[in-house]
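Below: one structure, written as structure tokens.
The values are calculated or read from the model by the stated rules, or taken from the named source; none is laboratory data. Please read these numbers as outputs of a predicted model, since none were measured by experiment. Here Cβ is always computed from backbone atoms with ideal geometry, including for glycine, and neighbour counts include all displayed protein chains. Ligands, DNA and RNA are excluded from the accessible area calculation, which covers all protein heavy atoms including side chains. Shrake-Rupley method; radii C 1.70, N 1.55, O 1.52, S 1.80 Å.
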Amino acid sequence: MGSTVTEATDPWCLREGESADLLRGHPWRRFVVLGDSVAEGMCEPVEGYPDLQWADRIAAELRAVHPGLAYLNLGRRGLRAHEVRATQVAPALDFGPDLALVVCGGNDAFRPGYDPDAVDAELTAMVTALRDVGADVITVGMFDVSHSPAVPPALQAGLGERMRLLSSHTAAVARRLGTLHVHLTDHPMVADPSLYSSDGRHGSARSDAIAATETLRVLGAYLAPR
């Protein structure tokens, strides 16, 4: 990425006024986020991009339309999918959400023993519980972090295979349960090193800006027929 590129000029980010158009008249008043460090927000700063985490960006754009929007982020770093379900579903339901973002499974996929069916079962339980209380649910196929320059070359192929498997399984769960699905794994910028942090596990402020863009466009497409 050239040094002159900023979020305002990045072709993969929102244009001025786009979010307001996408979210005009949206119905959501209570937004909850469940997940691991991606949900919590651990993006590395990038010059020209605000240090505003992905989920916080979504909440800010929703709140720009409805200033009274209530927002709760339960995301915590290091959690595997079963731990997200065990510790976050109950407080999420107590919050009474009408919109939920669920992002997890990355910590499972980082392990060679990743069990996609087990993660699917945890995600299914979370989405079903949220849908049962009337919430619209956003699911995510995450960026393939195996493209990060900080991932040792010997680990890239195996990690990439598991990340893509996680993404395809999450997409299948999304289709089956009718979630609002954001697919980032095959994004045109997925192999660009500027999207990843120096720790080899997380994204940069640029990746969060792009992820927010794609999420808001999914929400806008859902709202458009209404």
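General remarks:
- Region 111-156: number of residues that are within 12 Å of Ala81 (Cβ to Cβ) and of a type in the set (A, V, I, L, M, F, W, C): 7
- Residues that are over 18 Å from Gly203 (Cα atoms), open to solvent by 40 Å² or more (accessible area, probe 1.4 Å) and within 19 Å of the chain's Cα centre (by Cα), drawn from region 23-60: Arg30, Ala60
- Of all residues making up region 1-17, the number that are touching a residue at least 60 places away in the same chain (Cβ under 8 Å) and open to solvent by less than 60 Å² (accessible area, probe 1.4 Å): 4
- Candidates Asp186, Asp192 - the one that is over 17 Å from the mean Cα position of the chain (by Cα), among the charged types (D, E, K, R) and within 26 Å of Glu16 (Cα to Cα): Asp192
- For region 191-208, a residue qualifies if it is out of contact with any Leu (no Cβ under 7 Å at 6 or more places or on another chain) and not polar (S, T, N, Q), and the qualifying residues are Ala191, Asp192, Pro193, Leu195, Tyr196, Asp199, Gly200, Arg201, His202, Ala205, Asp208.
For (1) among the acidic types (Asp, Glu); (2) touching a Leu at 6+ places or on another chain (Cβ under 8 Å); (3) under 24 Å from Tyr196 (Cβ atoms), each residue gets a yes or a no:
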residue: Pro112; (1), (2), (3): no, no, yes
residue: Asp120; (1), (2), (3): yes, no, no
residue: Val127; (1), (2), (3): no, yes, no
residue: Ala135; (1), (2), (3): no, yes, no
residue: Gly141; (1), (2), (3): no, yes, yes
residue: Pro152; (1), (2), (3): no, no, yes
residue: Gln156; (1), (2), (3): no, no, yes
